[in-house]
Amino acid sequence: MSTIHLAQAQEKNNFLLPNATFFVEAIIFLVVMFIFFRFIVPPIRQAMRERNEMVQRQADENRKASEKFTAAEERHREALSEARNEAAKIRDTARTEGQKVLDDLRGRASAEVAQLRRAGDEQLAAQRDQVLGDLEPQVAELSRVLASRIVGENVTVASGRKR
């Protein structure tokens, strides 16, 4: 009987024919898939969507920041160029004004030198006239004494200078 029982049992357990366990496992699988797609997948999709939106916002913000940086860098270059031009103009103006001041000071110095020279020349002429006036009587006296000694007689000298 055991061989007959085995043959009958084998006929019942044909692997090609599904049994009730297969259907129960299939139903459990479908229930699990339903729960999975109903309650687990939507929050994950929402989180993925939010993450993609955040990444997109960051990419847009990075692009805008890059554009702002480029614009600011261009404004900086323009301001720097403008400042350099302004500095060159100020430097040229300062050189011109400095040259004018130097020319003015040189002119004043030349005028002062000329005035001092004239005053010195006038003072020297006055001192020369005074010295000549002081020395003329002495020279006349010395000439008379010398002539008296040479001649051996007393000589009187007439003044040759007219005042």
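The numbers here are math on the coordinates, done by the rules we state, and not lab data. Owing to the predicted nature of the structure, the values given are computational and were not obtained by experimental measurement. Glycine also receives a Cβ, built like all others from the backbone with ideal geometry; neighbour counts cover every protein chain displayed.
Scanning for something assigned to a helix (DSSP H, G or I), surrounded by fewer than 10 Cβ atoms within 10 Å (Cβ to Cβ) and not aliphatic (A, V, I, L, M), does region 106-126 turn up at least one residue? Break it down stepwise before answering.
Pass one, region 106-126, residues assigned to a helix (DSSP H, G or I): 106-126.
Those left that are additionally surrounded by fewer than 10 Cβ atoms within 10 Å (Cβ to Cβ): none.
No, region 106-126 has no match at all.
Considering (1) part of a helix (DSSP H, G or I); (2) surrounded by 10 or more Cβ atoms within 10 Å (Cβ to Cβ); (3) of a type in the set (A, V, I, L, M, F, W, C), say which one I150 fails and leave the rest.
(2)
Taking the stated definitions as given, is R38 surrounded by 10 or more Cβ atoms within 10 Å (Cβ to Cβ), of a type outside the set (S, T, Y) and assigned to a helix (DSSP H, G or I)?
So R38 fails the test.
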